[in-house]
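Q: Structure in structure tokens, see below.
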Amino acid sequence: LLQQKTKTLELKPESKRYSSTLEKKKEKPVFLSQLSPAAVTSGETARFTVKVSGFPKPTVQWSHNGKVIKSSSIYKVIEEKEEYTLVITRVTSEYEGEYSCTATNRFGQTTCTTYLEVKKPDVSGEVSFNYKASGDPVPDVKWFKGAFQIQPSRNCIIIVNPDGSGSITIKSIKQEDSGLYTCKASNQFGEASCSAELVLFREPPPVSHKQEQLTVVQKKGYKVSVTEQATESRLYQVSLPGQDRDRSDQMVYTIGTEDRQIIPSEQVVSLREVIRKPSFVKTIEPASAAVNDPLRLECQVDEDTGVTVTWTRDGKKVHQSMECKLSFEDKVAVLDIPKTKLRDSGKYVCTAANEAGSSSCETLIAVKGLSNLEFILQLLFNSEN
């Protein structure tokens, strides 16, 4: 009896205590905190931190867009007790995307995921527009952005000199500073104005042999004098003296004048004219006409810099003639047929092209023949005349 009692005291409690300890230790990985999405500016550092528990202690693996991350000069993994941190230094756009953290031990695996957004930095620096106005008495000068008058401020310096010259300087320029700037000079006898559009790009526009939205034509540096009207203004990329050439493409502006006066700009290191691929803002409308009726097809593009327009009917090029008049003015392309014939039916395609690329629009035209009665009346009318 004593031996049985001893066995009970020794085996059962010990067995129970051993089993209880095992159950407590066995644990698949669990995330005590989740990854949070992050948005950082290019060039800055991004950090993702999670807290993971589990027994045995889990191994942690990070991945970017499904590809396992290895420690490098960019990626650093920091482990401190149950806390794991992924540090990404000098972030660029290629590091944007989905990041996952996977914790694994022999009892299971758990993953949590988040997203890193890489923002492009705002353009920094300043830009100036200069003018020279003459008149007697000396004109009063006001600056406008769009329809609103610009008032001097800490970031907007307006200078007016006694000789009629002056300038406006915008410091710490941001994306929202883009727009049309107008200088208006007036006295009691009238007013004159000139405008310049400032366009800020977050990154240089793409250039390739494919049909891109922009094509850049390199021109040598010189002092620019612009004589075009505001509606005819060009788009330029400039590199100012002392400016980092790698960043010169980030600032683009157009210059134009309403009264065709010559407005000299500041000396620039290099000048690039940016040519936009034409796009149709108004396409050809479907139409039908009876034989001998006039027919007019019209469409409009948003760009006419170096643009040539061609028309085709059922795949064959349409040429200028007495029977078909073609024109392209003020970005509007027109095909005029004074007297239509049955053969004028078909699919008409208008193509606008420049060295940046081409765009097309098309329509179907149906020319209806005369009825027997109309044909007889037409013959009688022609014989009488």
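The values are calculated or read from the model by the stated rules, or taken from the named source; none is laboratory data. None of the values given here were measured: they were computed from a predicted structure. Methodologically, a virtual Cβ is constructed for each residue, glycine included, from the backbone with ideal geometry; neighbour enumeration extends over all protein chains shown. Heavy atoms of the whole protein, side chains included, go into the accessibility calculation; ligands, DNA and RNA do not. Shrake-Rupley method; radii C 1.70, N 1.55, O 1.52, S 1.80 Å.
Q: At 1.4 Å probe size, with every protein chain present, just tell me what the per residue accessible area of region 305-370 comes to in Å².
A: Averaged over the residues of region 305-370, the accessible area is 56 Å².
Q: Counting pairs of Cα atoms in region 280-368, how many percent are more than 20 Å apart?
A: Cα-Cα pairs of region 280-368 separated by over 20 Å account for 29 percent.
Q: Strictly over 21 Å apart at the Cα level, which of Lys51/Lys120; Lys28/Lys57; Lys26/Lys76; Lys26/Lys70; Lys174/Lys331; Lys70/Lys120 would you flag in this model?
A: Lys51/Lys120; Lys26/Lys76; Lys26/Lys70; Lys174/Lys331; Lys70/Lys120, as the Cα separations exceed 21 Å there.
Q: Also: With an 8 Å Cα cut-off and a minimum separation of 6 or more residues, compute the relative contact order for region 27-119 in percent.
A: RCO, region 27-119: 39 percent.
Q: Shifting gears a bit: Assuming R0 = 56 Å, can you tell me the calculated FRET efficiency for the pair Asp163 and Thr92, based on Cβ-Cβ distance, to the nearest 0.05?
A: According to the calculation, E is roughly 0.70.
Q: Could you give the accessible area per residue of region 27-119, probe 1.4 Å, as a whole number in Å²?
A: Accessible area per residue, region 27-119: 58 Å².
Q: Run the accessible area of region 293-369 with a 1.4 Å probe and give the carbon-and-sulfur part as a rounded percent.
A: The value for region 293-369 is 49 percent carbon and sulfur by accessible area.
Q: Please give me the summed charge of the neighbours of Glu362: other residues whose Cβ is under 13 Å from its Cβ, Lys and Arg +1, Asp and Glu -1.
A: Net charge in that neighbourhood comes out at 0.
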